[in-house]
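Have a look at the structure below before the remarks.
The values are calculated or read from the model by the stated rules, or taken from the named source; none is laboratory data. Owing to the predicted nature of the structure, the values given are computational and were not obtained by experimental measurement. All Cβ positions, glycine included, derive from the backbone under ideal geometry; neighbour counts span all protein chains shown.
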Amino acid sequence: MRKVLALLLIAMLALTAIPFAMAEGNVLRYGTETEPAGFDPHTVSSHASLRVMAQVYNQLVDVNENLEIVPELATSWEISDDNLTYTFHLADNVYFHSGRKMTAEDVKYSYERILNPDLGALGNSSSYAGIVDTVEVVDDLTVKMTLKEVNVTFLANQSSSYCSIVDKDVVEANEGSLLRADGGTGPYTLGEWVADNHVTVNAYDNYFNDAEKATFDAIEFYVMTDANSRLNALRTGAVDLIVADTAMLDLVNEGDDIQIISYQTRDYVGLFMNCEREPYTNPLVRQAINYALDREEIIDFAYNGTAAISGFIPASLGHWAVDVTEKDYYTQNVEKAKELLAEAGYPDGFETVITVGLEDGIRDMGIVAKEQLGAIGIKVEVKNIENAQYIDDWKTHNFDIMICHNGAGSDPNRGVAFFFSSTGSANIQGYSNARVDELCVLGAGTTNVEEREAYYKEAINIILDECATATVACPMAYFMASPALQGYAPNASNTSNFAGVTLAK
């Protein structure tokens, strides 16, 4: 039935005019699924914003698809014997989009901005820059950072958008905000943003890295929240590339001249319960919700059966992952869930709100979760909100249950500490466990891989068993493109690198 309705929608949309002008020149037209929430790399985490900011900003280092740390704004670096001091040597030909040359002072300013508690920066966490004690300018092209404690993942973590280097003059000219301003050094400059329609970035001729220079005159990101609209726009040639999902795979006809591009993510989706709000302060309630879920049914509905049952450290992270299928509460047991609710003092269940938004998979999960929780007496209202409100509620922890799509990163320090330590910037559910906090410090403080694995796996098991979340799945990521698009090869480390990508004439 769902597929039939989708096909009918496509047929109807084919008769509808595309709500944007056809681009001219060497322009990549990209149909995306959500409205951006602004473009401050230090404070914004939405996927729609990150795609744009990846074109506008750079960091000191990058991490490639093989999880190797490679130079970006820093051409080289040294680490002291005690692993506390990092000395970065900067490229000598980097210019902000304002035209001003970047120096070590800009690196110092950027990190001090991240570390300013008044900003609420996402990078002000031990998983990113939060353990930086001092930033010292050695000379115009050399900056030295000293950490408060050893964290062996520090260097790789500086590749995050949350640690972007920004233009002090632009920040101050915009009263401290970069939500609508361009303070970057990237291959594209921030252009026009028309709310609920499109964002344009334009090629920056003075970009410092010839190998990563813009190959398009511009990239236009069109907001097309309906998946069928995106597919129709691709079919008609109105766009060249779209964000896709698993439900769309069945809608591609044999005669369609469409590329399907996919990769296995290091992401996970799940129900985040507010551990600071009744009744989710009670771990028995959280456990009951885990037992109530049929994860296979959710995956079949929300991801067309292509995602893998997963914890918050997905199997795609290799030996760091725990096999969650061995956990009893990953197998649906309605009677057990009812018993736990009764033991927690809720024999007749309770009423709650599940907040959804951002993308189709999240919204679809809310539909199935409502039905499954209803079977154990929990009466659910699914609140589907706009992107900006979703991000705001995420930041302010304004929810009972929020369905989230998170990235586990390339190291368990992010997957565990960033989301579940007491000081983690993305610990939106307010979960706290002293032993987990201790294990995060121990895991970040040693270079011994076996020791790190033991620490993090203990922490992972504690978090799983206390049911801080009800994690469901690790999804595949899909894009669809015109056959004219050549060279686009997204991976779990970078989905927004368009260097060398072209459109055949």
Checked pairs for the stretch 427-448, first hydroxyl-bearing (Ser, Thr, Tyr), second surrounded by fewer than 16 Cβ atoms within 10 Å (Cβ to Cβ), C-beta under 7 Å and 6 or more apart or across chains, list as 432/422
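For residue 171, indicate whether it is at pLDDT below 95 and surrounded by fewer than 22 Cβ atoms within 10 Å (Cβ to Cβ).
On the way: at pLDDT below 95: no; surrounded by fewer than 22 Cβ atoms within 10 Å (Cβ to Cβ): yes.
No.
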Going through the stretch 482-503 in order, the residues found to be under 28 Å from residue 403 (Cβ atoms) and not β-branched (Val, Ile, Thr) are 490, 491, 492, 493, 494, 496
Only unsatisfied item for residue 46, checking (1) modelled with pLDDT of 95 or more; (2) within 16 Å of the chain's Cα centre (by Cα), is (1)
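Looking only at strands (runs of 3 or more DSSP E) that fall completely inside the stretch 228-277, which ones have 2 or more residues that are surrounded by 24 or more Cβ atoms within 10 Å (Cβ to Cβ)? I'd like the intermediate steps shown before the answer.
On the way: elements: 241-244, 259-264, 267-273.
Because the criterion is at least 2 residues that are surrounded by 24 or more Cβ atoms within 10 Å (Cβ to Cβ), the strands (runs of 3 or more DSSP E) in the stretch 228-277 that meet it are 241-244, 267-273.
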The number of residues in the stretch 131-158 that are surrounded by 23 or more Cβ atoms within 10 Å (Cβ to Cβ), within 15 Å of residue 114 (Cα to Cα) and not hydrophobic (A, V, I, L, M, F, W, C) is 2
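Please work out if residue 36 is within 30 Å of residue 238 (Cβ to Cβ) and at pLDDT below 95. Spell out how you get there, then give the answer.
On the way: within 30 Å of residue 238 (Cβ to Cβ): yes; at pLDDT below 95: yes.
Here the answer is yes, as residue 36 does meet what is asked.
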Contact list, first residue from the stretch 482-503 and closer than 20 Å to residue 256 by Cβ, second anywhere and aromatic (Phe, Trp, Tyr) and assigned to a strand (DSSP E or B), beta-carbon distance below 9 Å, six or more apart or interchain, is 488/479
In the set 391, 403, the lone residue that is outside any loop (DSSP other than H, G, I, E, B), closer than 24 Å to residue 301 by Cβ and either under 19 Å from the mean Cα position of the chain (by Cα) or at pLDDT below 95 (or both) is 403
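Condition check ((1) in a strand (DSSP E or B); (2) surrounded by fewer than 21 Cβ atoms within 10 Å (Cβ to Cβ); (3) touching a residue at least 40 places away in the same chain (Cβ under 8 Å)) across all residues:
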| position | (1), (2), (3) |
| --- | --- |
| 395 | no, yes, yes |
| 419 | no, no, yes |
| 454 | no, yes, no |
| 458 | no, yes, no |
| 477 | yes, yes, yes |
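Report yes if some residue within the stretch 367-382 is within 19 Å of the chain's Cα centre (by Cα) and either among the charged types (D, E, K, R) or surrounded by fewer than 21 Cβ atoms within 10 Å (Cβ to Cβ) (or both); otherwise report no. If you could, list the steps in order and put the result at the bottom.
Taking the stretch 367-382 first, the residues within 19 Å of the chain's Cα centre (by Cα) are none.
Within the stretch 367-382 (the criterion being within 19 Å of the chain's Cα centre (by Cα) and either among the charged types (D, E, K, R) or surrounded by fewer than 21 Cβ atoms within 10 Å (Cβ to Cβ) (or both)), the answer is no, since none of the residues qualifies.
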Residue pairs qualifying under the 6 Å Cβ cut-off, at least six apart or on distinct chains, with the first in the stretch 252-280 being under 30 Å from residue 481 (Cβ atoms) and the second being part of a loop (DSSP other than H, G, I, E, B) and of a type in the set (S, T, N, Q), are 268/310
Among strands (runs of 3 or more DSSP E) entirely within the stretch 17-119, at least 3 residues that are over 30 Å from residue 447 (Cα atoms) and not aliphatic (A, V, I, L, M) occur in 27-32
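Checking the condition in a helix (DSSP H, G or I), farther than 22 Å from residue 476 by Cα and not assigned by TED's automatic domain parsing to the domain that holds residue 69, which residue from 381, 438 passes? Steps first, please.
Numbers: 381 fails: in a helix (DSSP H, G or I).
The conditions single out 438.
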Going by what's in this entry, would residue 135 be described as in contact (Cβ under 8 Å) with a residue 12 or more places away in the chain and touching a helix residue (DSSP H, G or I) at 6+ places or on another chain (Cβ under 6 Å)?
yes
query: Is there a residue being surrounded by 16 or more Cβ atoms within 10 Å (Cβ to Cβ), touching a Gly at 6+ places or on another chain (Cβ under 6 Å), at pLDDT 95 or above and among the aromatic types (Phe, Trp, Tyr) anywhere in the stretch 208-222?
result: yes
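Every residue in the stretch 278-319 that is of a type in the set (S, T, N, Q) and not in a loop (DSSP other than H, G, I, E, B), please. Before you say what the answer is, go through the steps one by one.
Kept after step one, since they are of a type in the set (S, T, N, Q), are these residues of the stretch 278-319: 281-282, 287, 290, 304, 306, 310, 316.
Answer for the stretch 278-319, where residues must be of a type in the set (S, T, N, Q) and not in a loop (DSSP other than H, G, I, E, B): 287, 290, 316.
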